[in-house]
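Colleague: Structure provided below as structure tokens; questions to follow.
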Amino acid sequence: ASGLARATAEVLASNGASIAILEVNKEAAEKAAAEISEKYGVECSVYISDITDYQKFEEVFKKIYEKYGKLDICVNIAGYCAYKSYETVTQEEIDRMIKMNINGQDNAGRLCLKYMGNQTENGVCVFNSSVAGRSGQLSFPHYSMTKAAVINMTQSFALAGARRGVRFVSVCPGIIRTDFWNRYLHQDYAGKEDAAFAKITDAMIPMGVPQEPIDIANAICFLASDEARYITGQSLNVCGGMALN
């Protein structure tokens, strides 16, 4: 209903896709659905679901499948980051990152195999990784660990889906000023958030400018399209040059 997911829903809707928003925040989801439907003239429905609970997630997945008769694209944006070092992170935070970033994505992948693999038309599952998953990180090692797992997961699912008509890909965003970044900036640079973010992006991004959610959304739309029909198992960096492999 917000951030990268909202931007992706809008780009897909602008290309004619019917949208199903899966959220835990019903009010935000219904507001987003109404705005997307009005703006792009497509059907946009809302389902309340927790992706970390496989059984409840499947119940929603099945409802969407039965409503439309097929599933073309599944985009898994939900995730969690605790910007904590080894010394400061709590076990609860570690468990939540694993549950959201690994188990939740795995649940979506397995359901895509189960439902999209039964279709006559191809399906695409897009995972959300990060450039943090490309290398070790001192400031947030456990988040990095979970995102590295998503890159590997993308490859394994791609092998499983290759002969079943299901492509699996992922995107690796760099620095985008989402709610996570706002919390971090407020925590460490209260009152100077804008200046701090500008300094961070200038230092870390070779292109020197921060990303916007639309940059990720456009990449996802391409990967989900027929133009990318021969791309599977790949994790695409969309990061302004932060990661080059």
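Colleague: Over all directions, the average projected area of the alpha-carbon convex hull for the range 37-79 comes to how many nm²?
Modeller: Projected over every direction and averaged, the Cα hull of the range 37-79 covers 3.8 nm².
Colleague: Once all Cα-Cα distances of the range 122-219 are split into 5 Å bins that start at 0, what whole-number percent is in each one?
Modeller: Once binned at 5 Å, the Cα pair distances of the range 122-219 give 3, 12, 17, 20, 19, 13, 7, 5, 3, 1, 0.
Colleague: Just to confirm a number: summing +1 for Lys and Arg and -1 for Asp and Glu over residues other than Gly69 whose beta-carbon lies under 14 angstrom from that of Gly69, what do you get?
Modeller: Summing Lys/Arg as +1 and Asp/Glu as -1 gives 0.
Colleague: One-quarter of the Cα convex hull surface for the range 1-133, in nm²?
Modeller: Result: a mean projected hull area of 8.7 nm².
Colleague: As a test question: what accessible area, to the nearest 10 Å², does Tyr189 have when a 1.4 Å probe is rolled over all protein chains in place?
Modeller: Here the accessible area works out near 90 Å².
Colleague: In Å², what does the accessible area per residue of the chain work out to with a 1.4 Å probe?
Modeller: Dividing the accessible area of the chain by its residue count gives 52 Å².
Colleague: For the full complex of protein chains and a 1.4 angstrom probe, list His142, His186 by accessible area with the highest value first.
Modeller: Descending order: His186, His142.
Colleague: Compute the distance in nm between two label points, each set 7 Å from the Cα along the Cα-to-Cβ direction, one at Lys31 and one at Met207.
Modeller: 2.9 nm
Colleague: Stretched out fully, how many nm does the piece from Asn245 to Lys114 gain, at 0.36 nm a residue minus the Cα gap?
Modeller: Roughly 44.0 nm would be gained on extension.
Colleague: How much of the pair distance distribution for the chain lies past 35 Å, counting alpha-carbon pairs only, in percent?
Modeller: Summing the P(r) tail past 35 Å for the chain gives 12 percent.
Colleague: If you roll a 1.4 Å probe over the range 149-191 with all protein chains in place, what percent of the accessible area is carbon or sulfur?
Modeller: 48 percent
Colleague: Give me the extension gain from Lys192 to Lys56: residue separation times 0.36 nm, minus the current Cα-Cα distance, reported in nm with one decimal.
Modeller: Extra length from Lys192 to Lys56 when fully extended: 44.8 nm.
Colleague: Sketch the reach of a paramagnetic label on Asp179 as a point 7 Å from Cα along Cα-to-Cβ, and name the residues of the range 17-52 whose backbone nitrogen lies under 11 Å away.
Modeller: Answer for this model: 24-26, 28-29.
Colleague: Tell me, what is the percent relative contact order of the range 1-140, built from C-alpha pairs under 8 Å that lie six or more residues apart?
Modeller: Averaging sequence separation for qualifying contacts and normalising by length gives 22 percent for the range 1-140.
Colleague: Just add up the charged neighbours of Gly240: K/R +1, D/E -1, any other residue whose Cβ is under 15 Å from the Cβ of Gly240.
Modeller: The answer is -1.
Colleague: Round to a whole number: what % of the accessible area of the range 1-131 belongs to carbon and sulfur, probe 1.4 Å?
Modeller: 46 percent
Colleague: Next question. Between Tyr230 and Ser135, what length in nm is gained on full extension when 0.36 nm per residue of separation is reduced by their alpha carbon distance?
Modeller: 31.5 nm
Colleague: Determine the relative contact order of the chain: mean sequence separation of Cα pairs under 8 Å and six or more apart, normalised by residue count, in whole percent.
Modeller: 20 percent
Colleague: Further question on the same structure: Using C-alpha positions alone, give me the convex hull volume of the range 92-151 per residue in cubic angstrom.
Modeller: Cα convex hull per residue, to the nearest whole number: 62 Å³.
Colleague: Can you check what the net charge comes to around Ser139, using other residues whose Cβ is under 12 Å from the Cβ of Ser139 (Lys, Arg +1; Asp, Glu -1)?
Modeller: Surrounding charge for Ser139 is -1.
The values are calculated or read from the model by the stated rules, or taken from the named source; none is laboratory data. Computed from a predicted structure; not experimentally measured. For neighbour counting, all protein chains shown are included, and Cβ atoms are generated from backbone atoms with ideal geometry for every residue, glycine included. Remember, those area values only see protein heavy atoms, side chains included, never the ligands or the DNA or RNA. Shrake-Rupley method; radii C 1.70, N 1.55, O 1.52, S 1.80 Å.
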